[in-house]
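Report on the structure given below.
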Amino acid sequence: MGDFMKEDFPIFSREINGRPLVYLDNAATTQKPACVIDAMSEYYSSSNANVHRAVHTLAGEATEGYEECRKLLKSRYNCDFAVITSGTTEAINLAARAWGEYNLKAGDAVVLTEMEHHSDIVPWQMLAERIAVELRFVPVEEGKLDMDALEVALEGAKLVCVVHTSNVLGVRNPVEEIIAMSKKVGARVLIDAAQAVPHELIDFKELGADFLAFSAHKMCGPTGIGALLISEDAFSEMEPFMGGGDMIETVTLEGSTYQSNEHKFEAGTPRIAEGFGWAAALEWISGIDLESHHSRLLKIARGVSTQLSERGMTVYSTLNPQDAAVVSFTHPTIHPEDFARLLDAQGIAVRTGHHCAQPLMDKLGVNGTIRASFYLYNDDSDAEIFLAGIDRVLEAMT
Amino acid sequence: MGDFMKEDFPIFSREINGRPLVYLDNAATTQKPACVIDAMSEYYSSSNANVHRAVHTLAGEATEGYEECRKLLKSRYNCDFAVITSGTTEAINLAARAWGEYNLKAGDAVVLTEMEHHSDIVPWQMLAERIAVELRFVPVEEGKLDMDALEVALEGAKLVCVVHTSNVLGVRNPVEEIIAMSKKVGARVLIDAAQAVPHELIDFKELGADFLAFSAHKMCGPTGIGALLISEDAFSEMEPFMGGGDMIETVTLEGSTYQSNEHKFEAGTPRIAEGFGWAAALEWISGIDLESHHSRLLKIARGVSTQLSERGMTVYSTLNPQDAAVVSFTHPTIHPEDFARLLDAQGIAVRTGHHCAQPLMDKLGVNGTIRASFYLYNDDSDAEIFLAGIDRVLEAMT
Amino acid sequence: MTWPASIQEIIEEFQEIEDQFERLEVLMDFSSEVDELPVEDWNESNLVRGCQSIAHIEVEIRDETVWMKAAADAKMVQGLQGILSIAVNGSPPQSVLELTPAFAEEAGILVSLTPSRSNGFRTMFDMVQNRVKEAIK
Amino acid sequence: MTWPASIQEIIEEFQEIEDQFERLEVLMDFSSEVDELPVEDWNESNLVRGCQSIAHIEVEIRDETVWMKAAADAKMVQGLQGILSIAVNGSPPQSVLELTPAFAEEAGILVSLTPSRSNGFRTMFDMVQNRVKEAIK
Ligand SMILES: Cc1ncc(COP(=O)(O)O)c(C=O)c1O
Ligand SMILES: Cc1ncc(COP(=O)(O)O)c(C=O)c1O
């Protein structure tokens, strides 16, 4: 299945150190199918123009293609407002500035978790410095959010920010329950879905969150583009984040008025080619049965995890039924960096380090882990090569 | 010259309404040479990975390529700090937040001009709303900044923000003089160089500004990427703008510390493919003699301007020796939109409207203009087709 | 899809044209088909929103048939209003509500009906139908 | 470019290796060439900045020759330190300052000397030269 799919991805004809590429760094970024790469080349080769207020043909095509990306986002994820950003990080910063700054005041509580990616911690710490909101971190115990602690933290909370699926552990949090609990106390909810949308189809309205942030590059789309989906209620509470370009209605020396739709939050020339590329990725992925791939990949990851444990590694991922196929592990003596370079020497790409989640590392009591993360095009043979690669490392190092 | 160059740009094999494309909307965005398009496809097809803290081969190549873009920016423009943004607009917003918010206080004067693009007005209006700085607009008289008024406005000013070259008129402001005057009163200076870098090579240190903002897409590079060049002094006064990803040194639940180099201002997965594309564009453009093209294009623009005036059009561009080859005009009775669509019917792309410079439109006393802007690949034959196209419009409409 | 005769005629007229410039000329000719809304009646409530040029449309039901008055500063936009006028003026509200804007694409008057490429046509078409709906409520 | 004999030998040793895995194994073997800086002497001033793993280097001039002590938690980084030690230990300061890090690329120890791909080597090399410069000032 994965093997068959590899044909769609030009990069898999690449060799690394004389070996066929085994790419297991998907939680960092995924590879791109030819249709996505071609959509962007095609745009630059035949429709390139700046968008909006467009009268000439190219500008019309560019606008149509860019807005098609938004249309696809809205229909795929069932939402009314999709602001296009440069990625998850900008999406969360946008929420913190455009919503947080205007709807929170000193002393208001914002609930986060210890499992968050830096991109869902630092913007709120910066907000706390500016307007003195109180940050409450829900602890992680044995790879899971402490739901009792969440219950307590929610008291009087105005905003809850939770990672849907952890990029370090693959843990999928019970976001439905968390959102229900948060809504009960009247809090707005932001979900960091960077690692979620690649693995499952989310119905934004049904989920009931106010903000959903994710990046195209983690779901076979291009770099430099992402989105913040916003509920109608939250949208109506937001003020502009960045100024300039087409986000205005009128500009005079005395002051400006803003557009009322998503453009209000998209200052400057947008990511046009990236919009074409992401639209192609969204179309491509709509033809994929994510659910069946999910169980296939989870099975592979579990197999790998068992094998790693048997070889003396500590595995931090729990790989519960809804978790993503991410295996984070350490070896008792081999430094993660040495480990990863010796795997790379065999054509195997994994990530090491703190994965932009230092608080979680602190909780796990490690400086970093080695992370193998699987995606659509990975297959059993990748897992076999990976394990054989591990064995060679162990042989050499112990 | 332009004709020969067209071969490098795949889009010029495109026909619009049965006519070869004559692209005169370069001030909005320029076309891309094949080497730029290919650099991005190549990246996605063979080196795609997330950057920084990279141990595996692809990640190393991706990081190297992305950082190569920064290196080229620093050497081409002679500067020590080049922060990569999504474009001019984000660059200016970054300056307003990361520098402005921390170095200006209520009542401090910020000097702008009536010639600014919205992207160099709205961020400052938004800053004024947040921290009550005073905005002083230097008037434009007959297509030129009123330098006496500037002198007056500079009194006690803390920051001066000026467009280097106007996107509406092509007017190149005497930025050297403006910077010297501003420095005399101890003000920091931001130059909006979106329309400048495509046309002339800027030596940032020699120029002496503190901030220089521009976009890749207006100089044959990709969409979704741009830069803010920053002087050492200004850089040392800045605090982070967006949080998350690799801009941190350490993150704990109690607080975070930040990187000390440009990464401090680049939160989240950066524009990696775009970095590869822009690097290719910077290399490509370094082989171009901008100066000789500038005089060639200015000559074409002047010829066009004369012809338009003779046909009863009002031309707003002055086309002085250093101005960019931009011809903004209106017809006494034909609506700009009708005009532009009738040109488009003949394969000619021009822009109409307020060009994101409503205050300048107000000053010119028009709602919008028709703008023909010329770039490297344009040639005499484009000008001839354009004028013939104009004639056909006039014939049909009058 | 079959269209009312008046529209069918327009479709055929446009389909015969091969040159885009000529097509736009014919489009502009339709601007004279508009029952012009005098400038002094232009106001916020009859302003067409999201249109690049200034355009106004007023719709009323006279003797149980729809009647629109319109005006635009750009001649092509008024041309589109003219075509729209032919399509709706004098028709019973119900048949106006049954119309779809697709004929403009079919005739090649517009390349596409997406908001960014329909030159305001889609917006104006929707506005007319909405006003008719409100009027017969 | 010609290199000191000790380095030339290392270059040749590496150039004979075809398999990247083996090359890294040999690199790690060089970690034993380091005069190890004891953990208790690790401090801010001998920390190698901008390196992903933890690495420390101390440089001193003994009897008018350079001597470095070093340590790293990743074995490959310490291997690079070992190679660096062979290149500099016992050499007069002037010849250390004349060295360039290019041999690491030439030998295929590193694919590239750019900071992002040199695994800290470039940084460590520069640090050693800077410390030597300071010491002889
Ligand atoms: C003078 C000027 N400033 C700023 C901008 C904004 O650039 P961007 O839209 O790429 O952010 C432009 C481009 O439209 C411009 O011409
Ligand atoms: C859970 C999570 N949140 C946020 C991010 C940040 O995404 P980006 O770097 O695309 O902005 C990532 C990706 O690294 C992630 O995995």
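Among C:E9, C:E22, C:E18, C:E40, which is the only one that is free of Cβ contacts under 8 Å to residues at least 12 places away in the same chain, surrounded by fewer than 16 Cβ atoms within 10 Å (Cβ to Cβ) and part of a loop (DSSP other than H, G, I, E, B)?
Step by step, each of C:E9, C:E22, C:E18, C:E40 is checked, and only C:E18 is free of Cβ contacts under 8 Å to residues at least 12 places away in the same chain, surrounded by fewer than 16 Cβ atoms within 10 Å (Cβ to Cβ) and part of a loop (DSSP other than H, G, I, E, B).
Out of the range A:44-84, which residues are more than 9 Å from chain B (Cβ to nearest Cβ) and of a type in the set (S, T, N, Q)? If the condition is that a residue be more than 9 Å from chain B (Cβ to nearest Cβ) and of a type in the set (S, T, N, Q), then A:T63, A:S75, A:N78 are the ones that fit.
On the stretch given as the range A:227-247, residues that are under 27 Å from B:E101 (Cα atoms) and not in a strand (DSSP E or B) total 14. Looking only at residues of the range A:146-179 that are aliphatic (A, V, I, L, M) and more than 22 Å from the chain's Cα centre (by Cα), we find that the one that is nearest to A:Y375 (Cα to Cα) is A:M147. Restricted to the range A:81-94, and to residues there that are of a type in the set (S, T, N, Q) and within 16 Å of ligand 1 (Cβ to nearest atom), the residue that is farthest from A:A28 (Cα to Cα) is A:T85. From the set of residues in the range A:163-190 that are touching a Cys at 6+ places or on another chain (Cβ under 9 Å) and not in a loop (DSSP other than H, G, I, E, B), which is farthest from A:A357 (Cα to Cα)? Only one residue fits best here, namely A:V189. When only residues in the range B:95-119 that are facing another protein chain (nearest Cβ under 9 Å) and either under 14 Å from the mean Cα position of the chain (by Cα) or within 14 Å of ligand 1 (Cβ to nearest atom) (or both) count, which is surrounded by the most Cβ atoms within 10 Å (Cβ to Cβ)? By that ranking, first place goes to B:S119.
Quick one: is B:I225 within 16 Å of ligand 2 (Cβ to nearest atom), of a type in the set (V, I, T) and under 25 Å from B:T29 (Cβ atoms)? Yes: the conditions hold for B:I225. Looking only at residues of the range A:16-59 that are modelled with pLDDT of 95 or more and among the charged types (D, E, K, R), we find that the one that is nearest to A:D289 (Cα to Cα) is A:K32.
Of all residues in the range C:43-61, those that are within 25 Å of B:R351 (Cα to Cα), modelled with pLDDT under 95 and assigned to a strand (DSSP E or B) total 2. Each residue in the range B:191-226 was checked for being assigned to a strand (DSSP E or B) and within 13 Å of chain A (Cβ to nearest Cβ), and 5 of them qualify. Scanning the range A:15-38 for residues that are touching a strand residue (DSSP E or B) at 6+ places or on another chain (Cβ under 9 Å) and surrounded by fewer than 19 Cβ atoms within 10 Å (Cβ to Cβ) returns a single hit, A:R19. For the residues B:V122, B:V162, the requirement of being under 30 Å from A:N50 (Cα atoms), in contact with a strand residue (DSSP E or B) (Cβ under 7 Å, 6 or more places away or on another chain) and within 11 Å of chain A (Cβ to nearest Cβ) singles out B:V122.
So which helices (runs of 4 or more DSSP H) stay within the range A:284-398 end to end and still have 2 or more residues that are touching a Lys or Arg at 6+ places or on another chain (Cβ under 7 Å)? First the steps, then the outcome.
On the way: elements: A:290-310, A:336-344, A:358-364, A:380-397.
Helices (runs of 4 or more DSSP H) meeting the threshold: A:380-397.
The residue that is nearest to the other protein chains (Cβ to nearest Cβ), counting only those in the range B:16-43 that are touching a Pro at 6+ places or on another chain (Cβ under 9 Å) and of a type in the set (V, I, T), is B:I37. Every listed requirement among (1) surrounded by fewer than 23 Cβ atoms within 10 Å (Cβ to Cβ); (2) more than 23 Å from the chain's Cα centre (by Cα) is met by B:I11 save one, (2). All conditions in (1) within 16 Å of ligand 2 (Cβ to nearest atom); (2) buried (at least 20 other Cβ atoms within 10 Å of the Cβ); (3) touching a residue at least 12 places away in the same chain (Cβ under 8 Å) hold for B:Q259, with the sole exception of (2).
Looking at A:S41, is it hydroxyl-bearing (S, T, Y), more than 16 Å from ligand 1 (Cβ to nearest atom) and surrounded by fewer than 20 Cβ atoms within 10 Å (Cβ to Cβ)?
no
For B:V51, the requirement of being in a loop (DSSP other than H, G, I, E, B), of a type outside the set (D, E) and without any contact (Cβ under 8 Å) to a residue 40 or more places away in the chain is not met.
Candidates in the range C:47-85 are the residues that are of a type in the set (S, T, N, Q) and under 12 Å from the mean Cα position of the chain (by Cα); of these, the one that is farthest from the other protein chains (Cβ to nearest Cβ) is C:S85. I need the helices (runs of 4 or more DSSP H) fully contained in the range A:57-133, keeping only those with at least 3 residues that are in contact (Cβ under 8 Å) with a residue 24 or more places away in the chain and away from ligand 2 (no atom under 16 Å from the Cβ). Once the helices (runs of 4 or more DSSP H) in the range A:57-133 are filtered for at least 3 residues that are in contact (Cβ under 8 Å) with a residue 24 or more places away in the chain and away from ligand 2 (no atom under 16 Å from the Cβ), what remains is A:57-77, A:122-131. Restricting A:G156, A:G143, A:G186 to residues that are within 16 Å of ligand 2 (Cβ to nearest atom), more than 14 Å from chain B (Cβ to nearest Cβ) and on the phi > 0 side of the Ramachandran plot narrows the list to A:G143. So which residues in the range B:47-56 are within 14 Å of ligand 2 (Cβ to nearest atom) and of a type in the set (G, A, S)? Of everything in the range B:47-56, those that are within 14 Å of ligand 2 (Cβ to nearest atom) and of a type in the set (G, A, S) turn out to be B:A49, B:A54. Just to be sure, is B:S41 small (G, A, S), within 16 Å of ligand 2 (Cβ to nearest atom) and within 19 Å of A:A273 (Cα to Cα)? Against the criterion (small (G, A, S), within 16 Å of ligand 2 (Cβ to nearest atom) and within 19 Å of A:A273 (Cα to Cα)), B:S41 does not qualify. Of everything listed in (1) more than 14 Å from chain C (Cβ to nearest Cβ); (2) over 12 Å from B:I370 (Cα atoms); (3) not aliphatic (A, V, I, L, M), the single unmet condition for B:T333 is (1). Scanning the range D:59-92 for residues that are closer than 15 Å to D:F125 by Cβ and in contact with a strand residue (DSSP E or B) (Cβ under 9 Å, 6 or more places away or on another chain) yields a total of 16. Does at least one position in the range D:108-121 carry a residue that is touching a Cys at 6+ places or on another chain (Cβ under 6 Å) and either at pLDDT below 90 or within 25 Å of B:A62 (Cβ to Cβ) (or both)? Checked the range D:108-121: at least one residue is touching a Cys at 6+ places or on another chain (Cβ under 6 Å) and either at pLDDT below 90 or within 25 Å of B:A62 (Cβ to Cβ) (or both). Pairs only if they're at least six apart or on different chains, beta carbon under 7 angstrom, first in the range B:338-350 and facing chain C (nearest Cβ under 7 Å), second among the small types (G, A, S) and surrounded by fewer than 24 Cβ atoms within 10 Å (Cβ to Cβ); list them, first residue then second. Listed by first residue and then by second, the contacts come to B:L342/B:A396; B:Q346/B:G389. The residues listed here are A:T257, A:T250, A:T269; of these, the one that is within 26 Å of A:D80 (Cβ to Cβ), within 14 Å of chain B (Cβ to nearest Cβ) and part of a loop (DSSP other than H, G, I, E, B) is A:T269.
The values are calculated or read from the model by the stated rules, or taken from the named source; none is laboratory data. Keep in mind that what you see is a predicted model, and the values were worked out from it rather than measured. Heads up, the Cβs are rebuilt from the backbone with ideal geometry, glycines too, and the neighbour counts pull from every protein chain shown.
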